[in-house]
Each structure stands twice: as structure tokens, then as C-alpha cells.
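What follows is calculated from the coordinates using simple rules that are stated; it is not laboratory data. This one's a predicted model, so the numbers in the text were calculated from it and none came from an experiment. Every residue, glycine as well, gets a Cβ built from its backbone with ideal geometry; the counts of neighbours run over all protein chains shown.
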Amino acid sequence: MPTIFSKIVSGEIPADIVHQDDLITAFRDVSPAAPTHILIVPNQEITGVDDLDDGQAEVAGRMFLVARDLARKEGIAEGGYRLIINSGPHGGQEVMHLHMHLIGGRPLGPMLSKA
Ligand code: 5GP
């Protein structure tokens, strides 16, 4: 079964796509947590960080470079932003297709509550 993000990558279901290349697709989160909230995903279905192979360094690195470029395009690079990759149940990962959240456009507060 393809993931919902695979269906977005292939165009089967709609999304506000802001970047697509041979390795990566980026689109706006359907439920944004901040003025800019973009998901950066490998076109290839990789379940999560723990499923990355050593041979996938290019796609992993490209995710960061796309995040950098989109942050500049969105006008949030100077003010700063947060990149989040949730992994597994304790990490709060809901969609089992590796993705990086690019979040910014307002002060984001502390990274985690320490309760
Ligand atoms: P996770 O909790 O797995 O790190 O984040 C999954 C993210 O995917 C959530 O922020 C959620 O709002 C977003 N999301 C889930 N389904 C869809 C969808 O169909 N379209 C888009 N654009 N975002 C989605």
C-alpha cells in the first residue's frame, strides 16, 4: 500500500507542492503549525530515519538542502526556523514515510516541554 505521501509525490492526491526534483518532493502541511509549515519527503518510500541505508546519503542530504532553499524562498531564513523529523512512536511519527518538517514564520518557543 503506498503511503499518503507517495500518493502526493505521484500526483494521485492533491497537495500544495512547492518543490519537486528527482529525489525530493516538498509540499505544505495540510494542518500547519506556523505560517510556514512544509513537509520535505523523499520521492522513494523510506519509512523513517531508522530505515535509511548507508547508500541513501544523497537523498538524506538533499532533504537539508531543499529545506535551506525553501526557507530562503519563504523569507524565514533570516528570522530562523525549525527542522523536525519525528521517528517512531516515541518520536510522534504519524505518517510512515520519512519526512522533514520545515516550520517558521513566528517565534517557535522551546523545542520540548520538560514536564
Ligand atoms: P508526523 O507526525 O508524522 O511527523 O507528521 C505528519 C504530518 O503530515 C502532520 O503534520 C500532518 O498534518 C501532515 N499530513 C497528514 N496527512 C496529510 C495530507 O494528506 N496532506 C498534507 N499536505 N499533509 C498531511
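Give me the net charge for the shell around Pro35: Cβ to Cβ below 9 angstrom, other residues only, Lys and Arg +1, Asp and Glu -1.
Once positives and negatives cancel, what remains is 0.
Within 10 Å of each candidate Cβ there may be at most 14 other Cβ atoms; applying that plus a DSSP loop requirement, which GluC sites (Glu not before Pro) in the range 19-115 survive?
Filter output for the range 19-115: Glu78, Glu94.
How far apart, in nm, are the 7 Å Cα→Cβ label points at Glu74 and Ile13?
Distance between label points: 2.1 nm.
Taking R0 as 25 Å, what's the FRET efficiency between Glu45 and Met111 from their Cβ-Cβ distance, rounded to 0.05?
Result of the calculation: an efficiency of 0.35.
Any chance you could run the full-extension gain for Gln56 through Arg28? It's 0.36 nm times the residue separation minus the Cα-Cα distance, nm to one decimal.
That works out to 7.7 nm of additional length.
Let's see if you can work this out: charge +1 on each Lys and Arg Cβ, -1 on each Asp and Glu Cβ, no other charges. What is the dipole magnitude of the range 4-104 about its Cα centre, in debye to the nearest 20?
With Lys and Arg at +1 and Asp and Glu at -1, about 400 debye.
Report the extension gain between Arg82 and Leu65 in nm, rounded to one decimal, defined as 0.36 nm multiplied by the number of residues separating them, less their alpha carbon distance.
4.7 nm
Give the Cα extents of the chain along the principal axes, in whole Å, largest first.
Dimensions of the chain along the principal axes of its Cα atoms: 37, 34, 27 Å.
Spin-label point model (7 Å from Cα, Cβ direction): what's the Glu94 to Asp21 distance in nm?
2.9 nm
Mind running the shape call on the range 72-115? Use the C-alpha gyration tensor, a ≥ b ≥ c as the square roots of the eigenvalues: rounded below 1.5 for a/c, prolate if a/b tops b/c, oblate otherwise.
Oblate.
Taking the Cα centre of the range 4-104 as the origin and placing charges on Cβ (Lys, Arg +1; Asp, Glu -1), which of Pro14, Val49, Val59 is farthest toward the positive end of the dipole?
Positive-end residue among those listed: Pro14.
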